[in-house]
Amino acid sequence: MDVQLRRRALLVAIPVAILLMGVALERLDSLAPLRVSIQRTPASVPSSLVVPDAEIESGLALLSVYTDEASLHDPERGLLTNTVATGREWEVPATVSFFEAGQLVYGGSAGLRVHGGKSRIGSPVQSFRLHFRREYGARQFMPGVLFEGRSDPISTLVVHNDLREDRRERWWHLVNPLAYDIARQMGALTPETKPVRFLLNGEVQGAYVLTSHVREPYMQARYGYERLATADTRTRRGLRRAIAAIRPLTMVAVDEVLDLESLTRWFMSVVFCAVTDPFQGVVFLDESEPDARWFWVNWDMDHSFIDLYRQAPRRAPWRHDTFRTTLRKARVESQVVTRLLAEDPAYRSYLARLLTEALNHQITPAFLAQRFAHYRDVAHAFEIEHTEYLEELEEFLIRRPAEIRTQLAEYAEMGPLYTVTVESAREVMLNIDGHREPTGYAGQYFAGQEVRVSLLADDPDFVGWSVNGRAVTLDEAWHRVGADTVIRAEFTRD
């Protein structure tokens, strides 16, 4: 250990002892009137003191957590020696520090526990959860620091290792935040994320992802819901029985029980990202609304983009048929979508319209390329050692849209696919299918689908449209696609 770290270790010892004594006395408050309050500055908490200067000077977002060694390694009570143990009794006091751009932004205390399901077994590093409670100091993380304040107050924070090994023994990183970005762009509700470099007791654990914990407090803070119920196993069984009793199953009937658009957007995002353990979404009911329906929030998408179970043809993850692996399962999500596709032609058209809209306007090649470049740069900046997965991830994002259109044509019983191009002699912004698009737009539509085009701003020289050479003297061009189509904005002067 170098001189600097020895000095820091000595500085840590006394504050840690005081911290733990203070927390212990706080917990005994109900048994005796004794109460100890320790005033500490953010820079003096152990989690700040143990961070090497080089880590701070890197300028990267950095989260440091410190607890006593016994809380981590004790054979009977240590978090890292009992990784599968769950519950409040497996939460230990810790200090937490957050650095960004070379500056200490926050230093305080929280409860620390291991987070995750099967990932607790076999992962080289663990995920954790931080609980901010009055007994540790503050009931929330510092407002305005994480997620641009959108999730404040943050009472629980997931520190996720975001690490998955594929069948070729390659480690994939930053899968969850990319999948959430795609799902959010498709209109699904998702948690907030932020990549950080994570240190536990001064030791670098690697690139982690801070993630808002999708439970009632987050949903109230992020989306303003007043009183939420979360669907448990019993609730899900009741929903399955309610759906099974509806014969035939129709969109109208389902929408009285479930928010069908929410469920469909969750399903579309799972299918596009090729999630191999898809049924991870959290289901909520806003009990403050008299006609409330259950709705979905995406969660735990770290099996995206990876052919973990060798289900994809030719072992190419972008070929994964997630329709096949998600439909005809016992879960209520699967039963609803499976039966609607089989029993209600209106739903087949509805799903095809939403997914076509997403591919044409939301998760475009430009968007996917931009998000790939962002997380590639994050991987390099955070010094992720093995980045072999990036080549396969990039191929997935390039090839997946065409594959999804092929699968959609099969499962929604759609006809041929055609290209619609919108041209103009002037550089104008267009409203296409309700989305802002530039001149030169090209989208793909199935036979029978509609495209609507209008100018976003009035132009005194605008006289109408031509659709495959046929004049349309209206402000909006409406066209039912049956062949490759060129729609052109016409002006009196070009």
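Data overview
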quantity	calculated
Gyration tensor (alpha-carbon) shape descriptor, region 59-180, a/c threshold 1.5	oblate
Rg to Rh quotient for region 291-367, alpha carbon positions, Kirkwood Rh	0.99
Kirkwood Rh (inverse of mean 1/r, distinct Cα pairs), region 364-475, angstrom	17.3 Å
Burial order of peptide ranges 213-222, 151-160 (average beta-carbon count within 10 Å, highest first)	151-160, 213-222
Packing-based order for 294-303, 357-366, using average beta carbon neighbours within 10 Å, highest first	294-303, 357-366
Alpha-carbon Debye profile of region 266-335, log10 I(q)/I(0) at 0.11, 0.15, 0.25, 0.26 Å⁻¹	-0.31, -0.52, -1.10, -1.16
Region 97-151: radius of gyration over Cα atoms, expressed as a fraction of 2.2 N^0.38 Å	1.36
Viscosity 1.002 mPa s, temperature 20 °C, Stokes-Einstein D of region 417-491 from Kirkwood C-alpha radius, µm²/s	177 µm²/s
Angle between the chain longest axis and helix 389-411 axis [Cα atoms, degrees, rounded to 10]	40 degrees
Two-decimal ratio, the chain, of alpha-carbon radius of gyration to 2.2 N^0.38 Å	1.13
Listed residues ALA101, ASN201, PRO124: farthest to the positive end of the dipole of region 94-245 (Cβ charges)	PRO124
Computed over region 233-411, the ratio Rg/Rh where both radii use C-alpha atoms and Rh is Kirkwood	1.00
Environment charge of ALA70, counting only residues whose C-beta is closer than 14 Å and scoring Lys/Arg +1, Asp/Glu -1	-3
Share antiparallel - DSSP beta bridges, region 417-491, percent rounded to 5	85 percent
Full-extension gain in nm, THR41 to ARG436, via 0.36 nm per residue minus C-alpha separation	137.3 nm
Footprinting exposure proxy for THR326, THR419 (fewest neighbouring C-beta atoms within 10 Å first)	THR419, THR326
Two-decimal log10 I(q)/I(0) for region 188-336, as the Debye equation yields it once each C-alpha is a single scatterer, q = 0.18 Å⁻¹	-1.14
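All of the numbers you see were taken from the coordinates with simple rules; none came from a lab. Everything numeric here is computed off the predicted structure, so don't read it as measured data. Every residue, glycine as well, gets a Cβ built from its backbone with ideal geometry; the counts of neighbours run over all protein chains shown.
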